Amino acid sequence: MRKKFFFLILLFAYVFSSNLLAQVNSMSFTSSIGTYSEITGGTLLGSTTSDDQFFVDPAVPIGGTTRTGPGFPIGFDFVINGNTFDRFGINNNGWISLGKSALTPSVDMNTTSSYTPLSSTTVITPPELRTRVAALGRDLQAQTGAELRYELIGTAPNRTLVIQWKSYSKFSATGDNFNFQIRLNETSNTVEIVYGTMTNNATSTTVQVGIGGSSASDFNNRTSTTSWTASSPGSTNSASMTLSNTVFPPTGLTYKWFPPAAIDLGAFALALPPNVECFGSTETVSITIKNYGSNTVDFSVTPVTVNASVSGPNPQTFSPVVVNSGTLAPGATQDVTVTTTYNMSSIGTYTFNASTSIAGDGNSANDAMTPQQRIHVAPAVLPEFVDFTGFTGANLTSVFPN
């Protein structure tokens, strides 16, 4: 008679969140045409003669050459690149830097060049203070009628910090009129760059646009020489956008970066079949994934790899047969089951391993079960049963002594 044993292994949920995995180069990007809404309140910085100033201290609203300081309050906790920021600094040349009030200095805007902030190789300690957003990174200057201001708008938990450049120009240029904003959004932790009227004179230039992370190798920028509405991701941190009197962002153009989706590997279970001869047995791995992000995420689950090594007989590898993919709405869950078959044809102790990988909008998660052993035994040899029906008297021979 065969013995049957059932083994079920349930691993503790392994949660991957954007805080652990995210880099700015894994953020999603969209481009759209909306409405440019100018702000008129908040805090005014600099003057109509501002040029190259760093704004890092509320006590010095005119700005200066100092690149570190307490920074200005964002007004809420903003999470990007796995870090929570509550301070920011501004450079007159079209970009901002993020900071933390718990650090001294809270903001560090040191850079190889303030005209090309995303390609800066200056090392900042701690590295998260290098995190920056460039809307029009190049040598800019205020002019008559120009303003640089920031304002916190909206109500919690959906507030937005708006940093706005009004009527700026290229350095020593006439005929330019640049209006643009950088927007940080509460809860969704999205970054927006919104362009208003963008008039460039006859002199063409290039500008850096995008987000820089904790190192020069972590960037998410845009590039094009022909169209701001059809830009491409930059392949280097020095990638730029052409700005001319024919190539410029239309009013309302909005560039938006989303944090990577948070993917949760939930119940990761491996069910082993009875502890007997297992010719053509089925191995099933069940996974529950959840989208913890605030945006819909496309996901794909690689086939689960189930391997078995054995002491004695030759090792065997069992190929998976199911691949799952789909779309998850914010907060939605999806049960994924991957099944494979194997043949334990030799007697011995088999060690099973299972692993899988999930990817969603540039983010990925991996998990593996703790190796589990299962003994494959030969069937028991039972005494042979002889049917004596029909045998009588002399036809039977006693096998027992008298």
Classify region 77-173: rounded, prolate or oblate, from the alpha-carbon gyration tensor (a ≥ b ≥ c, eigenvalue square roots; a/c under 1.5 rounded; otherwise prolate if a/b is larger than b/c)?
oblate
Area of W228 that stays accessible when all protein chains are in place (1.4 Å probe, Å², to 10)
0
Please give the net charge around G64, taking every other residue with its beta carbon less than 14 angstrom from that of G64, where Lys and Arg add +1 and Asp and Glu add -1.
-2
Inter-label distance for T187 and S238, nm, one decimal - labels placed 7 Å from Cα along Cα-to-Cβ
4.3
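The values are calculated or read from the model by the stated rules, or taken from the named source; none is laboratory data. Just so it is clear, the structure is predicted and the values come from calculations on it, not from any experiment. We place every Cβ from the backbone using ideal geometry, glycine too, and count neighbours over all the protein chains shown. Only protein heavy atoms, including side chains, enter the accessible area calculation; ligands, DNA and RNA are left aside. Shrake-Rupley method; radii C 1.70, N 1.55, O 1.52, S 1.80 Å.
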